[in-house]
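Engineer: So that we are looking at the same thing, I have put the structure below in structure tokens.
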Amino acid sequence: MASSEVEGLSLPTDDYETLLSTTDVELLKRAWRNEKAAPEILRFETDLIGRIREQIQLMEETVEEKSAAGIDPLSISLYQMDLDRAQFLLRSYLRVRIQKIEKFVFHIAKTDELWNKLSKEEKNFARRCTEDLKQHLEDSVLSKLPENYQSFQKQSVISEEDDMIPEAQLDTFVVCRSKEYLTGIQLEDGPVDDRSMLFEMEPGVLYFICYKSIKALVESGKIDLL
């Protein structure tokens, strides 16, 4: 049987690669980095997270089976390290998203584009969070103010916009790297055909750039945030 050398230990290739898909773990790491660096919440990686959860369950079962069978502790420790790494990335990814939902929950709830980026579980959390926050604000503050100032969305009844709801600042500057040569990136608001506002990116080179200018490229997977 073919084997894989891992830090001096020979493991069955089929067994080891079944336990952990390096590609999926790297994709999760990329999704985690992007989510941490992006000022707004990104689309939930439904398929990827589903596969990662299945792999974690398989690894947990394998570690238990090998421990019960008295397999070499060094071999078990390698499986455990892979398991710990996958669990850390998954928990961190989900935690970052929850923090963004808590921070911008009212804006997310009223913006279809952002709401559709949430998973089913995140939508349920956002609904509960919205209800609890509204109730808390009404009981502790708003009910004690004059009627014209009792909205949790606007400073007063004369406000034309929801100026009391925090939202992500897309003008934030981020560090990023392109996977391929990109051209025609618009750095500022203005006519698309104005070449003075267009920018090019070389693959593998780090750039410090306004998130709004590369938002669509991040969402399409052509640019990674760091």
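Engineer: For a quick check: with amide H placed at 1.01 Å from N, whose amide H comes under 5 Å from residue 168's, ignoring anything fewer than 5 positions away on the same chain?
Structural biologist: It is none; the list stays empty.
Engineer: A follow-up question, please. Using the Cα gyration tensor of the range 49-135, with a ≥ b ≥ c the square roots of its eigenvalues, what is the shape: rounded (a/c below 1.5), prolate (a/b larger than b/c) or oblate (neither)?
Structural biologist: Cα axes put the range 49-135 in the prolate bin.
Engineer: Computed FRET efficiency, Cβ-Cβ of residue 56 and residue 102, R0 30 Å: what is it to the nearest 0.05?
Structural biologist: So, using R0 = 30 Å, E works out to roughly 0.75.
Engineer: What FRET efficiency comes out for the pair residue 113/residue 64, r = Cβ-Cβ distance, R0 = 35 Å, nearest 0.05?
Structural biologist: 0.25
Engineer: Let me ask something else about it. Per 0.36 nm of contour for each residue apart, how much would the distance between residue 71 and residue 162 grow if the chain were fully extended, relative to their Cα-Cα spacing?
Structural biologist: Taking 0.36 nm per residue and subtracting the Cα distance, the gain is 26.6 nm.
Engineer: Counting only the backbone N, which residues of the range 66-106 are under 11 Å from the spot 7 Å out from the Cα of residue 36 toward its beta-carbon?
Structural biologist: Residues passing the 11 Å test: 89, 92-93, 96.
No lab work stands behind these numbers, since they all come straight from the coordinates. Please read these numbers as outputs of a predicted model, since none were measured by experiment. All Cβ positions, even for glycine, are placed from backbone atoms using ideal geometry, and neighbour counts span all protein chains on display.
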